[in-house]
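*Asks:* Before I ask anything, let me first share the structure, which is written out below as structure tokens.
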Amino acid sequence: MKIILNIWRQKNSSSPGKMVRYELGNVNEHMSFLEMLDVLNEELTRKGEEPVTFEHDCREGICGSCGFMINGIPHGPERGTTVCQLHMRHFHDGEELWLEPFRAKAFPVLKDLMVDRSAFDRIIAAGGYISINTGSAPEANSIPVKKQCADRAMDAAACIGCGACVAACPNASASLFVSAKIAHLGLLPQGEPERDRRAMRMVLKMTEEGFGYCTNTGECEAICPKGVKIENIAMMHRDFTRAVALFREESKAGGAG
Amino acid sequence: MGTIALNSGLERTAFFYQSVVGKKVVMAVTGSVLCLFVLGHMLGNMQIYQGAEKLNNYAAFLQGLGAGLWAVRLVLLACVGLHILSAYQLWRLKLDARPTPYVKKATVATTYAARTMTWSGPIVLAFIIYHLLHFTTGQAHPDFRRGDVYHNVIAGFSNPAASLFYIVANILLAIHLYHGVWSMFQTVGVNHPRYTPWLKRLSKAYAWVIGIGNVSFPLAVLTGIVK
Ligand code: FES
């Protein structure tokens, strides 16, 4: 099948970019979207042109490396799928597609379709962890976890950190990503002790990194390849508000250990 | 990142407000007060259908509250002020957060109401100012008689242009509430698979009730049902 591609080409973060049109005549419908781009890149290389840069790693929808906009939707038109898992059979012969990078101040474009998502790493480093050293596996029943909490934590933990939520959000908010981590850890007994501090630090960091705020449009939830719910955002707002209201200084005198 | 130090109440408030979450919570809480006011205002005004005496007595009763009335007005004014301040700051943040726009952007889930919040808000504000000058203080009213609310309403709405502005603004207010009422709950952290679908329904019903109720007043005068 034939596919017409308009791809955002940008040399580096300091130069301006523009849409460039390519026609690809030999697309197989069983190819994944990224394989289709591989074909294009081989062609470009053969012609001595610069191949299109896009991020990818696992190509099985679990690492969160891939992702760009296809016709204005992160990861393309299919719901619940990353672009590496999107197949060309979902498009029709002769279809014209627009590919551009995720856009947000906090996600500067590095090259073509590749953006710098290290702001996410810095938010995680600010509080998205549990301060307990891992050791040998503990006895499974020593810490009881409510089934419903385990389920919700698991659903939130499905986030692969691809950044599609930021890309889809009209305000470039990272709320879905940040709240997924807050919910994932906060719902489990191991994460509970740091729940207040985590909410405060991660929300503050997300604000500092220049992400927008949540206007509850539900756009992120609709396009999330892992189906992470905005219920988590409500939990983040709750946790943050509670944490700030009830914050106490740590006692200087006691609690050494 | 170092330890967080919140030594005074002021520091605590500043820390809260400085974050994107804090500003939204302020919007939601002030919004909820304004929502309840809007409902009460509309229900009170329904007395126009019971005749001049009933409506004017109601107005006299409100005026008679004296200090109580001013307390309510101050709370409302504070809520309007904070709602607008946080909306403005959030809107600036939004512009900042995505400096380069998309060449192509599609939406999958966003409702018309959610998309137009930043437009419906300021227009409703302009309307409120006009509305106060029109029916409360009278400067924008052609034939204002202090204390005779019924007369003021009939005379005011007899002007089709004024009525049209009321109708348009109240439709926008309803659209604002269509997204806003549910959004308030979500922002303060109320989301549960059991109740969220009902809260969304409540939000829509609230918007319809307010919209139809408020639009009915100018329409009733224009069509001569109330005269
Ligand atoms: S490449 Fe790993 S999720 Fe797509």
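*Asks:* For residue A:192, work out the one condition from (1) within 7 Å of chain B (Cβ to nearest Cβ); (2) at pLDDT below 95 it doesn't fulfil.
*Replies:* Here residue A:192 clears every test but (1).
*Asks:* Shifting gears a bit: Would you mind listing the helices (runs of 4 or more DSSP H) fully within the range B:1-76 where at least 1 residues are open to solvent by 50 Å² or more (accessible area, probe 1.4 Å) and within 24 Å of residue B:216 (Cα to Cα)?
*Replies:* Working: elements: B:9-18, B:20-45, B:52-64.
So the answer is B:20-45, B:52-64.
*Asks:* Can I ask one more? Counting only residues that are open to solvent by 70 Å² or more (accessible area, probe 1.4 Å) and more than 7 Å from every other protein chain (Cβ to nearest Cβ), which one in the range A:217-248 is nearest to residue A:62 (Cα to Cα)? So that I can check it myself, show each step before the final result.
*Replies:* Let us first name the residues in the range A:217-248 that are open to solvent by 70 Å² or more (accessible area, probe 1.4 Å), namely A:226, A:229, A:238, A:242, A:246, A:248.
After this cut, where a residue has to be more than 7 Å from every other protein chain (Cβ to nearest Cβ) as well, the list is A:226, A:229, A:242, A:246, A:248.
Numbers: A:226: 9, A:229: 18, A:242: 33, A:246: 37, A:248: 39 Å.
My answer is A:226.
*Asks:* Let me ask you something else. Here is a list: A:27, A:20. Which entry is away from the ligand (no atom under 16 Å from the Cβ) and crowded, with 17+ Cβ neighbours inside 10 Å? If you could, list the steps in order and put the result at the bottom.
*Replies:* Values: A:20 fails: crowded, with 17+ Cβ neighbours inside 10 Å.
Matching residue, one of A:27, A:20: A:27.
*Asks:* Quick one: which helices (runs of 4 or more DSSP H) sit completely within the range A:171-257 and have at least 1 residues that are among the hydroxyl-bearing types (Ser, Thr, Tyr)?
*Replies:* Numbers: elements: A:175-186, A:195-208, A:219-223, A:231-246.
Per the criteria, A:175-186, A:195-208, A:231-246.
*Asks:* I'm trying to understand the selection: among the residues of the range A:60-96, which are open to solvent by 10 Å² or more (accessible area, probe 1.4 Å) and within 13 Å of chain B (Cβ to nearest Cβ)?
*Replies:* A:71, A:73, A:77, A:78, A:79, A:80, A:96
*Asks:* Would a scan of the range A:97-113 turn up a residue that is aromatic (Phe, Trp, Tyr) and away from chain B (no Cβ under 14 Å)?
*Replies:* Here is the first cut: in the range A:97-113, the residues aromatic (Phe, Trp, Tyr) are A:98, A:102, A:107.
Subset that is away from chain B (no Cβ under 14 Å): none.
The answer is no; no qualifying residue exists.
*Asks:* Return the pair list, or none, for Cβ contacts closer than 7 Å from residues in the range B:94-108 that are more than 7 Å from chain A (Cβ to nearest Cβ) to residues that are open to solvent by less than 70 Å² (accessible area, probe 1.4 Å) and not acidic (Asp, Glu), at least 6 apart or on different chains.
*Replies:* Close Cβ pairs (under 7 Å, with a partner that is open to solvent by less than 70 Å² (accessible area, probe 1.4 Å) and not acidic (Asp, Glu)) do not exist here.
*Asks:* Within the range A:55-86, track down each residue that is more than 13 Å from the ligand (Cβ to nearest atom) and touching a residue at least 24 places away in the same chain (Cβ under 8 Å).
*Replies:* A:69, A:70, A:71, A:72, A:73, A:79
The values are calculated or read from the model by the stated rules, or taken from the named source; none is laboratory data. Owing to the predicted nature of the structure, the values given are computational and were not obtained by experimental measurement. So basically every Cβ, Gly included, is an ideal-geometry build from the backbone, and we count neighbours across all protein chains shown. Just the protein is used for accessible areas: all its heavy atoms, side chains included, with ligands, DNA and RNA removed. Shrake-Rupley method; radii C 1.70, N 1.55, O 1.52, S 1.80 Å.
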